[in-house]
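A.B. asks: Questions regarding the structure given below will be posed in turn.
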Amino acid sequence: ITTFGERTKKGLVIEKNFYPDGSFREISNIENYRNPEDVLGDQNFVDIPLDERNNQYRLRVGFKTLDGEILEVPIQFDSGASSGLFIGYRLYQELQSKCEIVDLDVSSKAGGVGSEFNTRYVKFKEIQIGEYRVKNVVAVIPERNDINDLLIGVGFLRKFSEVEWRFNSNTLRFYK
């Protein structure tokens, strides 16, 4: 187990599991991993429509609130984003008081074109994608109030056994 301090990703924990065949698996507390128990639903797959506008695609993500309601938010699907779920500052401020969220106590830096900013990692107890309830979803939050992008990327898709982008029908198919 490796932990990190102030000069790197404060709060990050990486665990390496070594196996007799010489292979190993590395996991950290800031990644979304495939765990079949984290994806709940009766169907083997669900098709989620993507709203397309100006060659950008958004899907509706539901955040389960403390009172059991679902707060639906359109989030841009970014096939090039390695982070799982990026929640903008304003939305996070709203979700903090409404949802069960665990602060993972991990700080980092992120960047866009020509800028760098501080971020932190949190874990949502549960979100909803179509008919699926997805537990233990790690998200990145900017610590600047002017950064309000909402992105869902490849890192989140790893929670599922498989995901297909059905480009011509504007859908993502998530397999449990």
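A.B. asks: Could you please find all residues in segment 24-46 being open to solvent by less than 70 Å² (accessible area, probe 1.4 Å) and not small (Gly, Ala, Ser)?
C.D. replies: Within segment 24-46, 27, 29, 30, 32, 33, 35, 38, 39, 40, 46 qualify.
A.B. asks: Another one. What are the residues in segment 113-139 that are free of Cβ contacts under 8 Å to residues at least 60 places away in the same chain and under 29 Å from residue 173 (Cα atoms), if any?
C.D. replies: 122, 123, 139
A.B. asks: Sticking with this one: Hey, can you tell me all the residues within segment 52-110 that are closer than 12 Å to residue 127 by Cβ, over 13 Å from the mean Cα position of the chain (by Cα) and in a loop (DSSP other than H, G, I, E, B)?
C.D. replies: Matches in segment 52-110: 100 only.
A.B. asks: OK, next. Of all residues in segment 63-77 being open to solvent by less than 70 Å² (accessible area, probe 1.4 Å) and of a type outside the set (Val, Ile, Thr), which is farthest from residue 89 (Cα to Cα)?
C.D. replies: 68
A.B. asks: Have a look at 170, 145 and point out the one that is surrounded by fewer than 16 Cβ atoms within 10 Å (Cβ to Cβ), under 27 Å from residue 11 (Cβ atoms) and touching a residue at least 40 places away in the same chain (Cβ under 8 Å).
C.D. replies: When all the criteria are applied, what remains is 145.
A.B. asks: Quick one: residue 10 ticks every box in (1) buried (at least 16 other Cβ atoms within 10 Å of the Cβ); (2) of a type in the set (Lys, Arg); (3) touching a residue at least 24 places away in the same chain (Cβ under 8 Å) except a single one, so which number is it?
C.D. replies: Tallying (1) buried (at least 16 other Cβ atoms within 10 Å of the Cβ); (2) of a type in the set (Lys, Arg); (3) touching a residue at least 24 places away in the same chain (Cβ under 8 Å), residue 10 fails exactly one: (1).
The values are calculated or read from the model by the stated rules, or taken from the named source; none is laboratory data. Bear in mind that the values here come from a model prediction, so they are computed numbers and not experimental data. Note that each Cβ is placed from the backbone with ideal geometry, even for glycine, and that neighbours are counted across all protein chains shown. Just so you know, the surface numbers come from the protein's heavy atoms only, side chains and all, with ligands and any DNA or RNA stripped out. Shrake-Rupley method; radii C 1.70, N 1.55, O 1.52, S 1.80 Å.
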